[in-house]
Structure formats: C-alpha cells, structure tokens
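Below is one structure, written out as structure tokens; the observations come after it.
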Amino acid sequence: MQNTHNQIEIKIKKSSKGKIFFAEDFFKFGTAENIRQVLRRLEKQGILVRLAHGIYLFPKNDDILGIVYPSIEEIAKEIANRDKARIVPTGAMAMYLLGLSTQIPLHVVYLTDGAQREMNIGKSKIKFKKTAPRNLAVKDDLLQLIIQAYKITGEKNISEDFETKLTHYIKKIENKVIVSQLKFAPVWIQKRIKNRYQS
C-alpha cells in the first residue's frame, strides 16, 4: 500500500498544477481498492481535490481566489478524451461559449458517440447524451456551436438581433468548412447560415 501511495503521489506531483486525474490513471500502481484508499488519503492531505466520483484535481491555488477550479467545459473534454469519444455542447452551453449568454449553465448537455451518463460536479451536472453519428459529423467547433445555437433557439423564434450577433461568428468560418460540413446541418439552418455568410 505504501509503495502504491508513493508511486501515485510522485506521478501527481510531477504533473502541472490544475491537471485533472481519473482513478484509472493509476491502475498500474495497484488494485482498484488500494488506489481508491490512496486517493482518499491524498484528498484528506489536500494534495488532491475530488471533483466527482473517480475524478480528481491537482489544485492550482490563487492568492486571492483560492483553488482555481476547471470549467465544466474543460472537465467534459477531459472525460471525452479519456473515453476516446466525441462530444458537442448543446443548448445553454453552446450559447454561453458563443458569447450569446453571460450566464454559465449549471446543467450542461453534450451530444456524444460515447457512453450515455450523468454526473454531478459540485453544484453542476453534466449529461452525455448518445446521439446519431450525423449529429457529430460537423468537425469544425465554431460551426457546430452555431448550429446548436440555432437549434436551441428554434426556427420560429429567430430574431434579427440574434442573427446579427451570430453573423459575426458565421463570417469567421472558412469557406472550405462551409462547403464540406454545412450539409450535415438541418436544411433550414443551412439556408440561414449561407444567407449570412454571403451577405
């Protein structure tokens, strides 16, 4: 157990502050139960902060703010990397990432080709929702966010103000992305993005 503890602690302290770890990152150092006990002990010592079941943070401290926690988006991306899955932020998170909303959503839904699950991260909740491959076919992050913003708003609720704000981002998309990837969006969204892109 002590050897397992030492190996895990060395691996953590060699990493950069702010790194997210998963329990399975340490499986080569001992049994699942031993690792669980070591991580619990390191948490009590303040070396790690537990974010959720099996997810830990090697904390970075700010003199004024205290522990600097990763964003929900950063945590979701780390989980996706671990699972070798693709994810797409939807709804309120897509609007927030585009700057169309200033409120950080507490409940976030991501479309994924990985496992469907929900997890609590402090006061927030992340839901990974299994979806059809077509909904993940758009590889360009900005275009995908714009499509999701249109979807959450709905075709009948599009305002001129909303589209004016979106146009700023639509114009940033490379033409080759429009040509190769826009076809995967719903037809009504394709038309609106093309109109704004060409205006």
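The values are calculated or read from the model by the stated rules, or taken from the named source; none is laboratory data. As the structure is a computational prediction, the values presented were derived from the model and not from experiment. All Cβ positions, glycine included, derive from the backbone under ideal geometry; neighbour counts span all protein chains shown.
Do we have GLU43 as in a helix (DSSP H, G or I) and either assigned by TED's automatic domain parsing to the domain that holds LYS127 or at pLDDT 95 or above (or both) here?
yes
Conditions tested, residue by residue: (1) under 12 Å from the mean Cα position of the chain (by Cα); (2) at pLDDT 95 or above; (3) within 20 Å of LYS130 (Cα to Cα).
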residue	(1), (2), (3)
VAL49	no, yes, no
HIS53	no, no, no
TYR56	no, yes, no
GLU73	yes, no, yes
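Could you list, in sequence order, the residues of the range 118-135 that are over 14 Å from the mean Cα position of the chain (by Cα) and under 24 Å from ALA52 (Cβ atoms)?
Initially, the range 118-135 is screened for residues over 14 Å from the mean Cα position of the chain (by Cα), giving 122-123, 130-135.
Listed by number, the residues that qualify are GLY122, LYS123, LYS130, THR131.
Which condition number in (1) in contact with a Leu (Cβ under 7 Å, 6 or more places away or on another chain); (2) crowded, with 18+ Cβ neighbours inside 10 Å; (3) farther than 30 Å from LEU182 by Cα is the one that ILE35 fails?
Going through (1) in contact with a Leu (Cβ under 7 Å, 6 or more places away or on another chain); (2) crowded, with 18+ Cβ neighbours inside 10 Å; (3) farther than 30 Å from LEU182 by Cα one by one, ILE35 breaks only (1).
Scan the range 164-181 and give yes if some residue there is assigned to a loop (DSSP other than H, G, I, E, B), small (Gly, Ala, Ser) and either surrounded by fewer than 16 Cβ atoms within 10 Å (Cβ to Cβ) or modelled with pLDDT under 95 (or both), otherwise no.
no
For the range 92-117, give me the residue count where each residue is of a type in the set (Gly, Ala, Ser) and within 14 Å of the chain's Cα centre (by Cα).
Within the range 92-117, the subset of a type in the set (Gly, Ala, Ser) is 92, 94, 99, 101, 114-115.
Those left that are additionally within 14 Å of the chain's Cα centre (by Cα): 92, 94, 114.
Here the count works out to 3.
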